[in-house]
Amino acid sequence: DAGVFTYDPGFTSTASCDSTITYIDGDKGELLHRGYPIDQLASQSHFLEMCYLLLYGELPKAGDLENFESTITRHTMLHEQMQYFYRGFRRDAHPMAIMVGVVGAMSAFYHDSTDIHDPHQREVASHRLIAKMPTIAAWAYKYHIGQPFIYPRNDLDYASNFLRMCFAVPAEEYEVNPILSRAMDRIFMLQADHEQNASTSTVRLASSSGANPFACIAAGIACLWGPAHGGANQACLEMLEEIGSVDRIPEFIDRAKDKADPFRLMGFGHRVYKNFDPRATVMKQSADEVLDLLGIENNPKLQVAKALEKQALEDPYFAEKKLFPNVDFYSGIVMEAMGFPTSMFTPIFALSRTVGWISQWKEMIADPQNKIGRPRQLYLGETARDYVDIEKR
Ligand code: SDX
């Protein structure tokens, strides 16, 4: 009764659930969070205020925002024993592998916030995940590069705390540039929630069985990792590096159009947007701001990206297929300019998307009609037949 699944090669579903959190109009290129357009939120709000909006449905009044921010700030530390989980990974483990493991391990640590039928415990689990994800992601990075963990500080805002935990070292403090911090906060906002994408649907499906919330978020992280989904930001920057110069762009556009070639333009196309992804527009502005601040506005990858966008959008194939840049097309350029390696791009996406996963999880768990997800199939296999002894096969 939540909608009828129709089978086709693209496995199009008419509606997997109803929700009041995020609305996308793919043809108009419109994205609303609780009714507020993403471009207005990105320019006038900040990530923790948007977290409040996604979680509770309304923009907070001053006192509510102050209380929420204080709660998040005071839950950024991890249980000290959780450091041992990091040490169990090989040094060259991808930070996403570490995040899947550590977030899943939270289900073994924070027993007092795993009863999904207790509204207070749901609140505690939500706040812990939003608060601790920057620490988890930053420590995954530090472990990956063999540097000591840097603890969060309560005098820093959410984005600044994350940047400092990634780039400070005991031997030298990291002074957070407010423009980089604002750009980081905006990246968090642009990736916060996006309706029923693959990883959010994974969290909903896992949670529908009543599973532990931390384990369900770990499932979402695993799904997001794929290059067709949240892993596209890393794949996109690696593609821009491979293209290398503007004169090689036609070669890659031809490959993307060749059905025999599995290559696709990373950061282009979307299951829902058949127009510009509004997040890509804001992310492109951030790229210009950050690279200008850092004095690398002529960054070769940005030049290639802008030329690639222009040439692709002028090509009839992309117009016919309605393929436009998505949120991942420019995000990697900004994050690399901030100092992150490509392996940290998807962990940052997971950090951002945690509030979306949690908001959708809370909405589903609170719905008395919620039943365990059980998609059906269109069976195309053999009809019933009798067993044949091996001598007769
Ligand atoms: C995210 O769902 C979400 O909301 C996801 C996300 C979120 O916030 O959660 O927005 C985040 O995952 C963004 C998408 C990131 N992925 C990439 O950038 C990877 C590159 N893009 C693709 O692989 C692709 O566009 C998908 C996976 C995103 C969508 O693929 P579909 O379902 O095949 O897209 P489609 O149905 O719109 O494709 C129409 C046609 C197809 O050709 P035909 O079968 O009709 O001949 O366009 C082709 C596709 O083959 N096509 C591409 C292409 N993307 C689609 N051709 C070349 N390059 C591409 N990038």
Checklist line | Whole-Å semi-axes of the ellipsoid equivalent to the stretch 277-385 (Cα gyration tensor, √5λ, descending) | finding: 38, 23, 14
Notebook entry, point to check: Taking the alpha-carbon set of the stretch 308-365, what are its Rg and Dmax in Å?
Noted result: 16.1, 46
Next item on the list: List, largest first, the extents of the alpha carbons of the chain along their principal axes, each in whole Å.
Entry: 74, 58, 49
Checklist line | Rg and Dmax [Cα atoms of the stretch 258-326; Å; Rg one decimal, Dmax integer] | finding: 13.4, 42
Checklist line | Radius 11 Å from Cβ of Glu173, net charge of other residues (Lys, Arg +1; Asp, Glu -1) | finding: 0
Next item on the list: Could you pull out the longest piece of the chain with no exposed loop GluC sites (Glu not before Pro) in it, calling a site exposed if DSSP puts it outside H, G, I, E, B and it has at most 12 other Cβ atoms within 10 Å?
Entry: 176-381
Check: If you roll a 1.4 Å probe over the heavy atoms of the protein chains, what accessible area per residue do you get for the stretch 280-388, in Å²?
Finding: 48
Item checked: Contour minus Cα-Cα distance for Gln44 and Leu313 (0.36 nm per residue) -> 93.9 nm
Next item on the list: Over the alpha-carbon set of the stretch 65-123, divide Rg by the Kirkwood Rh and report the Rg/Rh ratio to two decimals.
Entry: 1.05
Next item on the list: Could you calculate the FRET efficiency of Asn370 with Arg153 from 1/(1 + (r/R0)^6), where r is the beta carbon distance between them and R0 is 45 Å, rounded to 0.05?
Entry: 0.70
Item checked: Which listed pairs, of Lys28/Lys322; Lys259/Lys306; Lys257/Lys321, have C-alpha distances above 18 Å, in listed order -> Lys259/Lys306
Next item on the list: Can you tell me the FRET efficiency between Glu66 and Glu173 if r is taken as the Cβ-Cβ distance and R0 is 22 Å, rounded to the nearest 0.05?
Entry: 0.20
Check: So, with a 1.4 angstrom probe, what is the percent of accessible area on the chain that is carbon and sulfur?
Finding: 53
Checklist line | Structure-based [θ]222 nm, the chain - -39500 (n - 2.57) summed over DSSP H runs of at least 4, per residue, nearest 500 | finding: -16500 deg cm²/dmol
Notebook entry, point to check: Within straight cross-link reach of Lys371, meaning Cα distance under 16 Å, which aspartates and glutamates are found once same-chain residues fewer than 8 apart are removed?
Noted result: Asp1, Asp18, Glu363
Notebook entry, point to check: Once Lys and Arg get +1 and Asp and Glu get -1 on their Cβ, which of Ile243, Ala219, Tyr143 lies farthest toward the positive end of the dipole of the chain?
Noted result: Ala219
Notebook entry, point to check: Relative to the compact globular guide of 2.2 N^0.38 Å, what is the alpha carbon radius of gyration of the stretch 172-307, as a ratio?
Noted result: 1.25
Item checked: Sorted peptide list for 158-171, 220-233, criterion being average Cβ within 10 angstrom, highest first -> 220-233, 158-171
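The values are calculated or read from the model by the stated rules, or taken from the named source; none is laboratory data. Keep in mind it's a predicted model, so treat the numbers as computed, not measured. Reconstructed Cβ throughout: ideal geometry from the backbone, glycine too, with neighbour counts over all protein chains shown. Side chains included, ligands, DNA and RNA excluded: accessible areas come from the protein's heavy atoms. Shrake-Rupley method; radii C 1.70, N 1.55, O 1.52, S 1.80 Å.
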